[in-house]
Amino acid sequence: MKTLNDFLRMKKDGEKIVMLTAYDYPSARLAEEAGVDVVLVGDSLGMVVLGYDSTVPVTMADMIHHSRAVRRGAGKTFVVTDMPFLSYQISPAQALENAGRLVQEGGCEAVKVEGGEEIAAQVRALTRAGIPVCAHVGLTPQSATALSGYKVQGRTAEAANKLLRDALALEEAGAFMIVLECIPVQVAQLVTGRLSIPTIGIGAGAACDGQVLVWHDTLGMFDRFTPKFVKKFETLGVKAKDAVGAYAREVREGTFPGPEHTFTMNEAELKRIYGDG
């Protein structure tokens with residue numbers, strides 16, 4: 001399992017960090033076997049697993065439940081779990097209580113929080129308590145409504161400077177890593193160069209110290225919408241639908257199950273049931 005020092009070394013050495021979301025035992029197991037560095041139990045599960053229109057309805061119970069499953073599947077991989085909406089924004093004390101639950105009950109190594117300078121006190125409280133924090137700036141899905149929707153952030157000089165200030169404040173507060181979402185590549189390059197901790201990009205270009213994608217986007221299993229920054233490395237959604245269609249067709253045709261899928265009873269036992277006649 002990678003450690004916080006490993007991530008710092010990877011940034012220093014120019015070795016890219018691979019982060020991928022996972023929400024259950026099989027996806028976490030496959031991610032670990034594929035060699036990802038960090039598994040993120042993202043609150044994006046609200047949209048791609050639970051069917052919500054946003055991440056806002058996701059609860060602490062949801063995150064603990066899915067984090068436990070991921071931990072069982074990826075026992076040798078560094079796991080970060082998202083703190084859901086309004087589980088940390090109110091106060092440092094609230095953040096500490098809920099982050100403690102995610103670590104103790106969910107089994108993760110670190111938690112992720114969205115926001116800038118305004119949550120620096122929460123980040124500081126968590127890190128002082130020994131809970132590693134991954135920060136998240138740029139497009140922050142939990143507050144997408146306040147940001148006028150899912151749009152690119154930091155496109156003006158003022159907005160870019162604000163984003164840089166936020167990132168520096170979060171680093172100073174003790175964050176060990178920062179996700180940069182949906183920002184211009186030039187801004188991501190600026191922030192990455194100014195920080196001593198790693199940046200993980202999602203829609204922020206190749207200058208970041210690593211990248212993260214959503215499991216269902218990566219495998220082509222979510223088609224409600226596809227952000228520009230997503231690359232579908234496979235089309236498992238289409239393949240899964242075709243497979244289920246083939247199953248339904250064979251059931252209706254009576255060709256499944258076949259003899260190779262069927263159990264039988266020996267003749268002696270059959271005679272005991274039906275008799276000699």
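The values are calculated or read from the model by the stated rules, or taken from the named source; none is laboratory data. In this text the structure is predicted, and so the values were computed from the model without any measurement. Heads up, the Cβs are rebuilt from the backbone with ideal geometry, glycines too, and the neighbour counts pull from every protein chain shown.
Quick rundown of the values:
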| item | result |
| --- | --- |
| Any hit, the range 233-251, residues being under 30 Å from GLY51 (Cα atoms), surrounded by fewer than 10 Cβ atoms within 10 Å (Cβ to Cβ), basic (Lys, Arg) and not assigned by TED's automatic domain parsing to the domain that holds SER44 | no |
| Condition check for ARG155: assigned to a loop (DSSP other than H, G, I, E, B) and more than 18 Å from VAL230 (Cα to Cα) | yes |
| Tabulated pairs, the range 74-101, first in the same structural domain as GLU33 (by TED's automatic domain parsing), second loosely packed, with under 15 Cβ neighbours inside 10 Å and of a type in the set (D, E, K, R), C-beta under 6 angstrom, 6+ apart or interchain | none |
| Residue among ALA99, ALA121 that is loosely packed, with under 15 Cβ neighbours inside 10 Å and farther than 20 Å from MET10 by Cα | ALA121 |
| Criterion violated by GLY154 - all others in (1) more than 22 Å from MET63 (Cβ to Cβ); (2) in contact with a strand residue (DSSP E or B) (Cβ under 9 Å, 6 or more places away or on another chain); (3) in contact (Cβ under 8 Å) with a residue 40 or more places away in the chain; (4) not hydroxyl-bearing (Ser, Thr, Tyr) satisfied | (3) |
| Residues (in a loop (DSSP other than H, G, I, E, B) and more than 39 Å from the chain's Cα centre (by Cα)) located in the range 236-277 | GLY254, THR255, GLY258, THR262, PHE263, THR264, MET265, ASN266, GLY275, ASP276, GLY277 |
| Count of residues meeting criterion [in a helix (DSSP H, G or I) and of a type in the set (A, V, I, L, M)] in the range 9-26 | 1 |
| Looking only at the range 212-235, and only at residues there that are of a type in the set (A, V, I, L, M, F, W, C) and part of a loop (DSSP other than H, G, I, E, B), the one that is nearest to VAL41 (Cα to Cα) | VAL214 |
| Selection from the range 27-49 of residues that are in contact (Cβ under 8 Å) with a residue 60 or more places away in the chain and assigned to a helix (DSSP H, G or I) | SER27, ALA31, MET47, VAL48 |
| Hits in the range 27-81 (condition: of a type in the set (Asp, Glu) and within 12 Å of the chain's Cα centre (by Cα)) | ASP43 |
| Any hit, the range 97-108, residues being out of contact with any helix residue (DSSP H, G or I) (no Cβ under 7 Å at 6 or more places or on another chain), acidic (Asp, Glu) and assigned to a loop (DSSP other than H, G, I, E, B) | no |
| Filter pass, ALA206 being surrounded by 14 or more Cβ atoms within 10 Å (Cβ to Cβ) and either touching a Phe, Trp or Tyr at 6+ places or on another chain (Cβ under 8 Å) or not in a helix (DSSP H, G or I) (or both) | no |
| Selection from the range 193-203 of residues that are closer than 17 Å to PRO141 by Cβ and in a strand (DSSP E or B) | ILE200, GLY201, ILE202 |
| Residue within the range 194-211 that is closer than 17 Å to GLY42 by Cα and of a type in the set (D, E, K, R) present | no |
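Listed here are the residues, each with its yes/no results for (1) surrounded by fewer than 19 Cβ atoms within 10 Å (Cβ to Cβ); (2) farther than 21 Å from LEU20 by Cα; (3) modelled with pLDDT under 95; (4) in the same structural domain as VAL185 (by TED's automatic domain parsing).
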{"position": "VAL103", "(1), (2), (3), (4)": "no, no, no, yes"}
{"position": "THR127", "(1), (2), (3), (4)": "yes, yes, no, yes"}
{"position": "LEU139", "(1), (2), (3), (4)": "no, no, yes, yes"}
{"position": "LEU147", "(1), (2), (3), (4)": "yes, yes, yes, yes"}
{"position": "TYR150", "(1), (2), (3), (4)": "yes, no, yes, yes"}
{"position": "GLY154", "(1), (2), (3), (4)": "no, yes, yes, yes"}
{"position": "ASP166", "(1), (2), (3), (4)": "no, yes, no, yes"}
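For every residue, the table says whether it meets (1) over 29 Å from TYR25 (Cα atoms); (2) touching a residue at least 12 places away in the same chain (Cβ under 8 Å); (3) not charged (D, E, K, R).
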position: GLU109; (1), (2), (3): no, yes, no
position: GLY116; (1), (2), (3): yes, yes, yes
position: ALA121; (1), (2), (3): yes, yes, yes
position: THR127; (1), (2), (3): no, yes, yes
